[in-house]
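A.B. asks: Quick one: structure below, then a few questions.
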Amino acid sequence: MLRRTLASNWFYVVLMIALIVLPHAIGWVSGDSPFGVRGRPVGQSIYWQGILIEVFVLAVLAMSYNLVFGFTGVISFGHALFFGVGGYILGIVLEYTDLTGEVGLLIGIGLTLIVSAVLGLVIGLVTLRLRGVYFAMFTLAVAEMFYIFFSRLALTRAEDGFALTELPVWIDPTRSRLTFYYIALALLAVTFLFIRRLIFSPTGAVLLAVRENEERARTIGFDTLRFKLLAITVAGMIASLAGLIQVILNKKVGPEVLNVSNTIDPLLMTIIGGAGTFTGPVIGAAGLHLGDRLLRDLVIEVGGASIDIGANWALILGIVFILVVLVFPYGIVGTFRRWRTRQAK
Amino acid sequence: MRPNILVSVALLVAVVAFGYFLSPDLGSFGITIMSGLFQGMLLFLVASGLSIIFGLMDVLNFAQGAYFMVGAYVSYSVHHSPDVMAAIPDPNIRFFLSVISAVAVGAILGGLLERFLLRPLYARPVFQIVLTFGVAIVMTEAVKFIWSTNPYSWTVLFSLRDQSFQLFGQSFGVYRLVVIGIGFALIILIGLLLQRTRIGIIIRAGVEDREMVEALGINVRMVFTLVFTIGCAVASFGGAIAAPFLGASAGLANLFLLSAIAVVVLGGMGSYAGTAMGSLLLGLALSVMQVFAGKPQIGLPVLASMTPMMLMILVLLVRPGGLFGKGR
Amino acid sequence: MASSEAILEVKDIHTFIGQFHILEGVSVSLPRGSIGVLLGRNGAGKTTTLRTIMGITPPRSGEVRFEGQRLNSMRSFSVARMGIGYVPEHRAIFKGLTVRENLHIAERRSGDFTRKADLIFDLFPDLKRLVHLPGGNLSGGQQQMLAIARALVPDNRLLLIDEPSEGLAPVIIEQLMHAIRRLSEQTTVLLVEQNFRMASQLADRYTIIDEGQSAVAGDMRDLVKDQALIQRYLGVA
């Protein structure tokens, strides 16, 4: 049983092992210890761990977005809300209550999950009965409202945000970066497996039916509203966990976690990677974020004019995005899969 | 009177009365109202296109705010360009030309968007929404690429922009009044276009039943392109005439998009009269809220920036069809 | 031979809506100047046949010819411009537009409405005093008259009328029959009609559609005599 599972998923197993070994491998190649140099968080391995943690965070966020957009067919423009809520709640618990260390962390995580679930439920209940476009508008408005509110709220130091100082040592990314790397990796793996399990379950079958034709799913007798609510609530909770990891990595909470870019990023990553596929959002997240990092300082010459790739990364992404929507609506993974089935025939 | 008009007028009166109640004297009340009408007119210029486009083609154009932004940049650039300054020294005439350029650019970009990006996607409406969102990103980023990320403020003045008159001990800008006048004129003009002309009848019929319009022998897709072009041109016009006050910055795109969406929801998606009424209401409400939230006893200026979203959420909760809509 | 005198020739069309195969081989032939009717049970594919002719749900295979011209790949506005008027099921008049606007929008050349106003108000005198009312304020019968009148504004040589009698009182149905008979003096008409009495009194030709296929076609006078056939396909006596 186990052997068969491992054999049919050899690709994921190999990838997982590679990601577990990677910090050590980089450390071995570069000579910089994966635990940092002389107790300080510096060196090649630490640097790449940081970048990969960001990739994991974005991949989890994109996967949660994909659960709503790709698998259920509901467009949300407010995903940043859940991401940011995760960050802010942990921050507020650690900073403004007497709870610190492990207790604070646990309560922060628990509260994050509860609040994001409630938010998802409430937003869903209000708008999901209406046409899809209302949900898109409503989520955009709510997310923007929270963004404005937290960028002016004196309690959370408005635009500046505040630092997380009372983290337990074992999770503190400046002191125990490698542990934190494995925690983020674990979240990625668990999210991936969870979403796959969910989609292959009877519930997942209904979600797909809602995406294909909600009217028909309803005539068959499914309470489609409940299933859409479920998708949005679960996706919101996953996104809030991603936000939580993000603020721990930065050791800082500020309104930028609620910024609309945290909606745009997963949207682009999901569609470019392949909406409605399991690996698409992960590939999208890795591709776009690594691309951003690697090309940041690249300047290319086109016909005498030099174009700064890094500075115009968002513009390039946007154009790629539009082309993908028009020409390859199934994204990288979906298009590849279609091409392969056609080859097989 | 029909109940929706009654409710709208009641709301309008309530907002104005609240503004009056907050004002220490007639002069500052006048300022509040004028500022509200000014914002309402700018909102109308973005929201009208948004609403008609949605009603006719079921496309919620998330790029509508970006057209407002582009209008502001084009108008700013033409007005401040040294070459144009040398050719047309009179700033009033130059400003007129700036506005026309902005309208032309908005119209061309709007037509291109509908014809080449949206038209292939009418069979996939989910992707249309996502696409307009993507277009908004690209336009905002393209603007940053062309004009850099720094916001511009209007520096080369012109007499129309700077004249003012005294009333009740306050000084009122003539330009704001002109914008308000233009806004009212456009509300009536577009209304007449929809009521009286053949194309207007086709648009209103298309909002009800596109398939039947097509079956009568009318090429609906050409009407789509036309409406999209006009809608984007009007938004761009809004940005152009707002630029002397607001300057040009990438943030304009989102600022007006969210408020315009709130207007469209408030008025009822696809209803022209609702959009006009909703713009006025939200403009005045914004202005009154700015006064209210700025009061030392309240001291929550953030309330004013949250007004459009709060209003939209409230409408969706209470009456999702909006003031003039049929619901859903 | 038959095709040279037929104004409308539908040959073995197959139409899909989504993945559903709705028409599985429908053929209809209609001579110029006649009134044809499509008969059949609910859901047999009569409405889809009209919509396929109009180009609203284009056929995947088969052929639609009007006056010898192939219509298959045309969008519905081009089909209409060939000279075909469409009066859909449930009338589909524009409720927010006035009666006059409903008629005006159907113009294909400016002045069509003015030219046809006498004919239209002669056929449907009721409409004349309603011209300023919104379409939504009209009764069902008035809406049906308006929908037919709208198809008369341009010079159409073929009218497709879907279930004109649906939900109307017998007196109104009489009026409509009278009007359709009169306008058939100038154009060819293809009806879809559930009301067999009305169909049998109006039509010259019939085609029975059963489960997405055209089963029998012929002269209406022969059908009226053939009780067995009526019983088998229509379940009415």
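A.B. asks: Out of C:ARG182, C:ARG232, C:ARG197, C:ARG221, report the one residue that is touching a residue at least 12 places away in the same chain (Cβ under 8 Å) and in a helix (DSSP H, G or I).
C.D. replies: Going through C:ARG182, C:ARG232, C:ARG197, C:ARG221 in turn, the sole match is C:ARG182.
A.B. asks: Within the range A:261-273, does at least one residue satisfy the condition of being buried (at least 21 other Cβ atoms within 10 Å of the Cβ) and without any contact (Cβ under 8 Å) to a residue 24 or more places away in the chain?
C.D. replies: yes
A.B. asks: Starting from residues that are more than 7 Å from chain B (Cβ to nearest Cβ) and buried (at least 16 other Cβ atoms within 10 Å of the Cβ), keep the ones in the range C:102-118 and report whichever is farthest from C:GLN143 (Cα to Cα).
C.D. replies: Result: C:ASP112.
A.B. asks: How many residues does the range C:133-177 hold that are free of Cβ contacts under 8 Å to residues at least 24 places away in the same chain and either part of a helix (DSSP H, G or I) or closer than 30 Å to C:GLY68 by Cβ (or both)?
C.D. replies: Of the residues in the range C:133-177, 5 are free of Cβ contacts under 8 Å to residues at least 24 places away in the same chain and either part of a helix (DSSP H, G or I) or closer than 30 Å to C:GLY68 by Cβ (or both).
A.B. asks: Can you tell me which residue in the range B:279-304 is nearest to B:PHE44 (Cα to Cα), limited to those that are within 14 Å of chain A (Cβ to nearest Cβ) and crowded, with 22+ Cβ neighbours inside 10 Å?
C.D. replies: Going through the qualifying residues, I end up with B:LEU282.
A.B. asks: Still on this structure, please answer the following. Return the residues of the range B:114-123 that are surrounded by fewer than 21 Cβ atoms within 10 Å (Cβ to Cβ) and more than 7 Å from chain A (Cβ to nearest Cβ); say none if nothing qualifies.
C.D. replies: B:ARG115, B:PHE116, B:ARG119, B:LEU121, B:TYR122, B:ALA123 - these are the residues of the range B:114-123 that are surrounded by fewer than 21 Cβ atoms within 10 Å (Cβ to Cβ) and more than 7 Å from chain A (Cβ to nearest Cβ).
A.B. asks: Determine whether C:HIS90 is in contact (Cβ under 8 Å) with a residue 40 or more places away in the chain, surrounded by fewer than 20 Cβ atoms within 10 Å (Cβ to Cβ), of a type outside the set (Lys, Arg) and in contact with a Leu (Cβ under 6 Å, 6 or more places away or on another chain).
C.D. replies: Judged against the criteria, C:HIS90 is not a match.
A.B. asks: Within the range C:60-101, track down each residue that is facing another protein chain (nearest Cβ under 8 Å), in a helix (DSSP H, G or I) and under 27 Å from C:ASN137 (Cβ atoms).
C.D. replies: C:ALA80, C:GLU101, listed by residue number.
A.B. asks: Filter the range A:118-174 for residues that are of a type in the set (Phe, Trp, Tyr), touching a Ser or Thr at 6+ places or on another chain (Cβ under 9 Å), in contact (Cβ under 8 Å) with a residue 60 or more places away in the chain and part of a helix (DSSP H, G or I) and give the result.
C.D. replies: Hits for the range A:118-174 are A:PHE135, A:PHE138, A:PHE150.
A.B. asks: Could you tell me whether the range B:175-190 includes any residue that is free of Cβ contacts under 8 Å to residues at least 24 places away in the same chain, under 30 Å from B:ILE88 (Cα atoms), more than 14 Å from chain C (Cβ to nearest Cβ) and in contact with a Leu (Cβ under 8 Å, 6 or more places away or on another chain)?
C.D. replies: yes
A.B. asks: Output the qualifying pairs, or none if there are none: Cβ atoms under 8 angstrom, residues six or more apart or on different chains, first residue in the range B:139-151 and hydroxyl-bearing (Ser, Thr, Tyr), second residue at pLDDT 90 or above.
C.D. replies: As it stands, the answer is B:THR140/B:ALA66; B:THR140/B:MET69, since those pairs meet every condition given.
A.B. asks: Taking the stated definitions as given, is B:GLY270 at positive phi, surrounded by fewer than 24 Cβ atoms within 10 Å (Cβ to Cβ) and touching a Gly at 6+ places or on another chain (Cβ under 7 Å)?
C.D. replies: So B:GLY270 passes the test.
A.B. asks: Let me ask another. What number of residues within the range B:164-211 are among the acidic types (Asp, Glu) and assigned to a loop (DSSP other than H, G, I, E, B)?
C.D. replies: Qualifying residue count for the region: 1.
A.B. asks: Further question on the same structure: Test each condition in (1) under 26 Å from C:GLY25 (Cα atoms); (2) surrounded by 13 or more Cβ atoms within 10 Å (Cβ to Cβ) for C:MET177 and report the one that comes out false.
C.D. replies: (1)
A.B. asks: Among the numbered criteria (1) farther than 16 Å from B:PHE245 by Cα; (2) away from every other protein chain (no Cβ under 14 Å); (3) touching a Gly at 6+ places or on another chain (Cβ under 9 Å); (4) of a type in the set (A, V, I, L, M, F, W, C), which one does B:ILE129 miss?
C.D. replies: With respect to (1) farther than 16 Å from B:PHE245 by Cα; (2) away from every other protein chain (no Cβ under 14 Å); (3) touching a Gly at 6+ places or on another chain (Cβ under 9 Å); (4) of a type in the set (A, V, I, L, M, F, W, C), B:ILE129 is out only on (2).
A.B. asks: In this structure, is A:GLY104 buried (at least 24 other Cβ atoms within 10 Å of the Cβ), of a type in the set (Gly, Ala, Ser), in a helix (DSSP H, G or I) and touching a residue at least 60 places away in the same chain (Cβ under 8 Å)?
C.D. replies: Considered against the rule, which asks whether it is buried (at least 24 other Cβ atoms within 10 Å of the Cβ), of a type in the set (Gly, Ala, Ser), in a helix (DSSP H, G or I) and touching a residue at least 60 places away in the same chain (Cβ under 8 Å), A:GLY104 comes out as no.
A.B. asks: Output the residues belonging to the range B:212-229 that are among the β-branched types (Val, Ile, Thr), away from chain C (no Cβ under 14 Å) and either surrounded by 22 or more Cβ atoms within 10 Å (Cβ to Cβ) or not in a helix (DSSP H, G or I) (or both).
C.D. replies: Passing the criteria: only B:VAL227.
A.B. asks: How many of the residues in the range C:7-54 are assigned to a strand (DSSP E or B) and either touching a Lys or Arg at 6+ places or on another chain (Cβ under 7 Å) or over 16 Å from C:GLU193 (Cβ atoms) (or both)?
C.D. replies: Of the residues in that region, 24 qualify.
A.B. asks: In this structure, does A:TYR134 turn out to be surrounded by 18 or more Cβ atoms within 10 Å (Cβ to Cβ) and either at the interface with chain B (Cβ under 7 Å from one of its Cβ atoms) or over 19 Å from the mean Cα position of the chain (by Cα) (or both)?
C.D. replies: yes
A.B. asks: Shifting gears a bit: Among the candidates B:LEU117, B:LEU112, single out the residue that is touching a helix residue (DSSP H, G or I) at 6+ places or on another chain (Cβ under 8 Å), of a type outside the set (Phe, Trp, Tyr) and either farther than 20 Å from B:CYS232 by Cα or outside any loop (DSSP other than H, G, I, E, B) (or both).
C.D. replies: Result of the check over B:LEU117, B:LEU112: B:LEU117.
A.B. asks: Quick one: which of B:ALA248, B:ALA240, B:ALA260, B:ALA293 is among the aliphatic types (A, V, I, L, M) and closer than 24 Å to A:VAL133 by Cβ?
C.D. replies: B:ALA260
A.B. asks: Now for a separate question. From the list B:ALA136, B:ALA102, which residue is buried (at least 21 other Cβ atoms within 10 Å of the Cβ), in contact (Cβ under 8 Å) with a residue 12 or more places away in the chain and either within 14 Å of another protein chain (Cβ to nearest Cβ) or not in a helix (DSSP H, G or I) (or both)?
C.D. replies: Criteria check complete, one pass: B:ALA136.
A.B. asks: Separate question: Output yes when any residue across the range A:240-256 is of a type in the set (Lys, Arg) and surrounded by fewer than 23 Cβ atoms within 10 Å (Cβ to Cβ), and no when none is.
C.D. replies: Within the range A:240-256, one or more residues are of a type in the set (Lys, Arg) and surrounded by fewer than 23 Cβ atoms within 10 Å (Cβ to Cβ).
A.B. asks: Please give the number of the condition A:GLY280 fails out of (1) more than 29 Å from B:GLY251 (Cβ to Cβ); (2) under 13 Å from the mean Cα position of the chain (by Cα); (3) surrounded by fewer than 19 Cβ atoms within 10 Å (Cβ to Cβ).
C.D. replies: (3)
A.B. asks: Pick from the range B:48-67 the residues that are farther than 10 Å from B:VAL227 by Cβ, of a type outside the set (Gly, Ala, Ser) and in a helix (DSSP H, G or I): which of them is farthest from the other protein chains (Cβ to nearest Cβ)?
C.D. replies: B:TYR67
The values are calculated or read from the model by the stated rules, or taken from the named source; none is laboratory data. For clarity, every value in this text was computed on a predicted model and none was experimentally measured. Don't worry about glycine lacking a Cβ; one is built from the backbone with ideal geometry, like all the others, and counts go over all protein chains shown.
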